[in-house]
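The values are calculated or read from the model by the stated rules, or taken from the named source; none is laboratory data. Small disclaimer: the values here were computed from a predicted structure and weren't measured. Positions of Cβ are backbone-derived with ideal geometry, glycine not excepted, and every protein chain shown enters the neighbour counts. Side chains are part of the model used for accessible areas, which takes the heavy atoms of the whole protein and leaves out ligands, DNA and RNA. Shrake-Rupley method; radii C 1.70, N 1.55, O 1.52, S 1.80 Å.
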Amino acid sequence: MTRMNRRHALSLIGAAATLPALGRPALAGTKINVGALHFTSHAASFVAFERGYFSDEGLDVEFKFFQAAQPMAVAVASGDADFGVTAISGGLVSLAEKGAAKVIGGALSEEPGIDGQKILASNAAYDNGLTSPAGLDGKSFGITQAGSSFHYMGSKIGMAEGVKPKFKPLQKVGAIIGALKSGQIDAWSIVPHIAKGLAGAGKVKIIGNVSDYIPNYQVTTVFTSANIVSGDRGKAEAFLRAFSRGADDYNAALVDKTAGDDAAMAMVELIHKYVYADKPLEKAEKSIRNGAMRINKGAALNMASVRDQLNWFKSEGLVKDSITEETLVDPSFVEIVN
Amino acid sequence: MADDLSAPKTTMPKTRMQVSEARPVRFRGGGFRPARRRWLGPLVFVVLIALAEWGTRSGWIGNLTLPRPSDVASTLWEMALSGRLWLHLAPSLTRLFVGATLGVSAGIAVGLLIGLFTYARAALVPLVAALFPIPKIALLPLFVIWFGIDEMSKYALIAFGTFTPTVVATYGAVDNVDRTLIRMGQSFGLSWHSIVRKIVLPGAMPGILSGLRISLAIAVILLVAAEMLGAEYGIGAFILEAGSLYDLERLFAGVTILSLLGVTISFALGLVEAKLLNWRS
Amino acid sequence: MELSLRNVSHAYGETQVLDDISLRVPAGQISCIVGPSGCGKSTLLRLIGGLERPTEGEILQLGNPPAGCLNPLTYVFQDFALLPWRTAEGNVRLVLEEHRLTYSEVKEITYDVLGRTSLLEFRDVLPKNLSGGMKQRVAIARALAVKPAVMLMDEPLSALDAQTRELLMEDLVRLWLRTPFTSVYVTHNLAEAVRLGHRVVVLSRRPGRIRETVDISLPLDQRDRGNPMLADIENHLWDIMRDEAAEADQELVHGG
């Protein structure tokens, strides 16, 4: 009975908190763990943390950093992290099917006019004629694991060009970069700040844009555990509100560039704390600016893209056919766009 | 009174021991000799699997914790029917065979050198001791640079992993060959070659074969590691994929295959031992 | 072929094992070497067989080995030294494979020596299934197969129980009577020495010197158990050895 009451109360408070006029945090001192990668695509969370948007919502956030997207999904399912922001992976879908995780919002998106993810070729492969994605037939394409976003991108690019790349699972982004630089694999696709960094150093060649093959690709999503969705909605709503404010700041500063130079520089400095922290600011700045991609306003979710990804997972036999959109996504938190 | 004087009693040696005090000697032997109980091993498996099946069906084991054994079995069955089992098994068996053959034969050769030649021993034993504890998995990225991302680096990893334990087992086994047999060979004027081939090698065979048990188990473990980098098909790649997809049924199906592979290898080695070492008393 | 040892001394590092041994091993006779344990008798045998080099003195072969001899100096070991992975026949073949013999020659020799040691019906049996006495008979057959000029027998019966030892002694006598062979026979057992030896060389305790050489003229086939003459010789030998053995027993064990 008491739990029912508390949950009920929380959801009331959560609902009340959505009123814009309410001035005080509804969930004072709630501790949450947020999974993140050291990528600019996680900037919205970093901004929300640094600028106190999480505190404003009464969320005491601690980041948990991961090396790849899939372990983050497992951490959310196991309760070691409350929220994750990362690509939809086969692991995430499987965990959703087991009732352990749910997508509740969208984050990074490919958008026409904004420089998005790049398709890369190794220098050796480029010299041997891999100068456009049309030449990927039979070429080795680096992926972290089967069912990762890299796998999805490579597969979609191949389908669009009518070619079949050979996918090489290498577990970690670092391993893929190493293999691409040394010519052990031929091609890869990755977010622009990494792609441009590598190409700028002459280590690889950029041969195309992911957005030409997967327009409006919903690259990363916000997800949480099923327990929070069903029993702690207020927490999720508070997180998404703070996350959206962070996204707005980020988009204004680096994507739309409407906030002015000072704001942009301040944003670069803020992100530098988390991304390329081991490089001097001058060097990191270019990569951070280059890597700016749209983080959806209000954490809106592109359902059409999610549907396409889900269908791809099914067609590849990576997840069970029985999984529906409803199993994967709870659309009640954010605006759904198509 | 007359009874007390009767003859038999007086001729008996005097003893204070009363008949009523006679008792059997307390048994204190036994134990320390494991007997064979063939049924117990399989029984443990059956009980554990039954427990998991019942637990997952009744719900006190969550579907995130363990897959249902019957689902794992049906996953395996479907894999076998669809041919996917063979698709994954064939490259793994090839890697295992090629890698282990390379590593074991090089290991036996180097182990023999160490066992037979003073200089080889002095030069190589420290090197082998230094190589042994290196987790071969840590060298995988290096092997990829050296041997390429395709099959060669996988062969190399398994070969390297089986090499060092085979070396150690082999030279230990050569050291343990009965020296009087070697002296006998010399006393009959057998050539160095014949002594190595007809006395040292067969004499070292028990040690080499028991080293092989360890080496081949390591080969199976390294198979999964080898398939971490750039393998599309293979039991290891299949397990890693299932793990990243959080598909527990396939994960356990893969693990079951590996485990069966280990049992099969162990059984085959047992047969080889029974055949080759029938001379052991 | 005869053997002659001239002023042979041997030391392991600081420890003097044998001191100035001069000895002739006459052809067609069994020369027994007896002595207390640790007197260096086995070392002497290894020196004779060329498995070790003496630190001083020389060991000479006089004359040529008989025709067809494949391995002039051939050992019979105390612990048999049979390859456990070869059958009785395989163990005999081992020492023939080394020589250029035709298949039928190998077969003929193998069957001959196994027949002489009454092992024909056990030729396919592995050593693990043979009794101690049979194992040593295989080892003797193996030694006979190479038609040795001199058989170097290192306590060949010491690993066997008393009854088996008796039976094997009878076998050895029969073998010698059939075809006399030259042998240096090392033992610590005086009864064996007087039953088998044409001459018995008694060594002192370490460092081993020759204390006495006793020739026994009684033919081997007349040396029954309990023969009073043999008993006398045995008692005589024991008198010589007794003090040496007692003192040797008191010594602390040093390495070799």
Name the residues in the range A:309-336 that are over 16 Å from B:Y246 (Cβ atoms) and touching a residue at least 60 places away in the same chain (Cβ under 8 Å), would you?
A:Q309, A:W312, A:V329, A:D330, A:F333, A:V334
Can A:Y250 be described as out of contact with any strand residue (DSSP E or B) (no Cβ under 7 Å at 6 or more places or on another chain) and touching a residue at least 60 places away in the same chain (Cβ under 8 Å)?
no
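Conditions (1) within 10 Å of chain B (Cβ to nearest Cβ); (2) over 27 Å from A:T86 (Cα atoms); (3) of a type in the set (V, I, T); (4) not in a helix (DSSP H, G or I), marked per residue:
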| residue | (1), (2), (3), (4) |
| --- | --- |
| A:G116 | no, no, no, yes |
| A:L120 | no, no, no, yes |
| A:L130 | no, yes, no, yes |
| A:D137 | no, yes, no, yes |
| A:G142 | yes, no, no, yes |
| A:G158 | no, no, no, no |
| A:F167 | yes, no, no, yes |
| A:A179 | yes, no, no, no |
Among residues of the range B:262-281 being touching a residue at least 60 places away in the same chain (Cβ under 8 Å) and open to solvent by less than 40 Å² (accessible area, probe 1.4 Å), the residue farthest from the other protein chains (Cβ to nearest Cβ) is B:L269
For the range A:188-221, give me the residue count where each residue is assigned to a helix (DSSP H, G or I) and open to solvent by 10 Å² or more (accessible area, probe 1.4 Å).
8
Taking the range A:48-98 and the residues there that are among the small types (G, A, S) and open to solvent by 30 Å² or more (accessible area, probe 1.4 Å), the one that is farthest from the other protein chains (Cβ to nearest Cβ) would be A:S55
Subset of the range A:101-114 (residues that are touching a residue at least 60 places away in the same chain (Cβ under 8 Å) and open to solvent by 10 Å² or more (accessible area, probe 1.4 Å))
A:K102, A:S109, A:E111, A:P112, A:I114
Count of the range B:229-248 residues which are in contact with a helix residue (DSSP H, G or I) (Cβ under 6 Å, 6 or more places away or on another chain) and facing another protein chain (nearest Cβ under 10 Å):
9
Those residues of the range B:51-84 that are part of a helix (DSSP H, G or I), open to solvent by 40 Å² or more (accessible area, probe 1.4 Å), within 14 Å of chain A (Cβ to nearest Cβ) and not charged (D, E, K, R) come to a total of 2
At least 1 residues that are open to solvent by 60 Å² or more (accessible area, probe 1.4 Å) and away from chain B (no Cβ under 14 Å) in each: list the strands (runs of 3 or more DSSP E) lying fully within the range C:103-216 that qualify.
C:210-215
Go through (1) modelled with pLDDT of 90 or more; (2) within 12 Å of chain B (Cβ to nearest Cβ); (3) touching a Lys or Arg at 6+ places or on another chain (Cβ under 9 Å) one by one and return the number of the condition C:E58 breaks.
(2)
All positions within the range C:30-55 that are closer than 15 Å to C:S183 by Cβ, touching a helix residue (DSSP H, G or I) at 6+ places or on another chain (Cβ under 9 Å) and away from chain B (no Cβ under 14 Å):
C:I30, C:C32, C:I33, C:V34
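For the range C:200-256, give me the residue count where each residue is of a type outside the set (A, V, I, L, M) and closer than 27 Å to C:D171 by Cα. I'd like the intermediate steps shown before the answer.
We begin by selecting, within the range C:200-256, every residue of a type outside the set (A, V, I, L, M); these are C:204-209, C:211-213, C:215, C:217, C:219, C:221-228, C:232, C:234-236, C:238-239, C:242-244, C:247, C:249-251, C:254-256.
From what is left, the residues that are closer than 27 Å to C:D171 by Cα are C:213, C:215, C:217, C:219, C:221-228, C:232, C:234-236, C:238.
Selection size over the range C:200-256: 17.
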Specify which of the listed residues (B:L229, B:L222, B:L201) is modelled with pLDDT under 90, surrounded by 17 or more Cβ atoms within 10 Å (Cβ to Cβ) and farther than 30 Å from B:G62 by Cα.
B:L229
Out of the residues in the range C:67-86 that are among the aromatic types (F, W, Y) and open to solvent by less than 30 Å² (accessible area, probe 1.4 Å), state the one that is farthest from the other protein chains (Cβ to nearest Cβ).
C:F80
Is one or more of the residues making up the range A:135-152 more than 22 Å from A:L310 (Cα to Cα), over 27 Å from the mean Cα position of the chain (by Cα), at pLDDT below 95 and open to solvent by less than 10 Å² (accessible area, probe 1.4 Å)?
no
Quick check on the range C:87-102: of everything there that is over 21 Å from the mean Cα position of the chain (by Cα) and either facing chain B (nearest Cβ under 7 Å) or among the small types (G, A, S) (or both), which residue is surrounded by the fewest Cβ atoms within 10 Å (Cβ to Cβ)?
C:E98
Selected residue (criterion: farthest from the other protein chains (Cβ to nearest Cβ)) from residues of the range B:252-261 that are within 16 Å of B:A90 (Cβ to Cβ) and within 17 Å of the chain's Cα centre (by Cα)
B:L260
Residue by residue through the range A:242-272, note down the ones that are surrounded by fewer than 23 Cβ atoms within 10 Å (Cβ to Cβ) and touching a Ser or Thr at 6+ places or on another chain (Cβ under 8 Å).
A:A252
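Of the residues in the range A:27-47, how many are polar (S, T, N, Q) and open to solvent by 20 Å² or more (accessible area, probe 1.4 Å)?
2
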Working only within the range A:297-322, note down all residues that are in a loop (DSSP other than H, G, I, E, B) and either at pLDDT below 90 or charged (D, E, K, R) (or both).
A:E316, A:G317, A:L318, A:V319, A:K320, A:D321, A:S322
Test of understanding: among B:T166, B:T180, which residue is within 14 Å of another protein chain (Cβ to nearest Cβ) and not hydrophobic (A, V, I, L, M, F, W, C)?
B:T180
Only one of A:A277, A:A292, A:A259 that is assigned to a loop (DSSP other than H, G, I, E, B), free of Cβ contacts under 8 Å to residues at least 24 places away in the same chain and closer than 24 Å to A:G52 by Cβ:
A:A259
